[in-house]
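The values are calculated or read from the model by the stated rules, or taken from the named source; none is laboratory data. If you're wondering where the values come from, they're calculated on a predicted model, not measured in any experiment. Cβ atoms come from the backbone with ideal geometry, glycine included; neighbour counts cover every protein chain shown.
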Amino acid sequence: MKVAKRALRLSIFLGEGDNWRHRPTYVEIVRRAHKAGLAGASVLRGIEGYGASSHIHAQHVFLLREHLPLLVVIVDSEEKIRAFLDRLDDLEISGLVVVDEIESIRYVASEPKRTHWWSSM
């Protein structure tokens, strides 16, 4: 079954080395999103990119420490996303935050068919 509705997508662009209180910033964002009861959050790691500094960050074979681009994506209702934005203010994010309106389509699996005698128990 498909369920479609309007929602907001919150995209937060960070660097892998961005920290807040000795913890990766993306970890704190996901923790706060979970605590706020948002539908879900995903952190995606890029292989190359650049931002406002115009310095290209890429994966290098000989470097032990990387500063690759990260993207935190959260999708939920407009009310929940707008309320959550206030919870990011103290993180001192040095990256781009994008909010865009989307149509979300959620696929919900139907009840599995009971084909064995033990599935009716």
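Brief remarks follow.
- Some residue of segment 52-72 being at pLDDT 95 or above, surrounded by 12 or more Cβ atoms within 10 Å (Cβ to Cβ) and not polar (S, T, N, Q): yes
- Residues that are over 19 Å from V99 (Cβ atoms) and at pLDDT 95 or above, drawn from segment 35-51: K35
- All positions within segment 80-121 that are part of a strand (DSSP E or B), more than 17 Å from the chain's Cα centre (by Cα) and either modelled with pLDDT under 70 or more than 17 Å from A4 (Cβ to Cβ) (or both): none
- Number of residues in segment 20-48 that are exposed (fewer than 15 other Cβ atoms within 10 Å of the Cβ) and closer than 14 Å to S94 by Cβ equals 0.
- In segment 1-18, the qualifying residues are those that are part of a strand (DSSP E or B) and surrounded by fewer than 14 Cβ atoms within 10 Å (Cβ to Cβ), and the one that is modelled with the highest pLDDT is R6.
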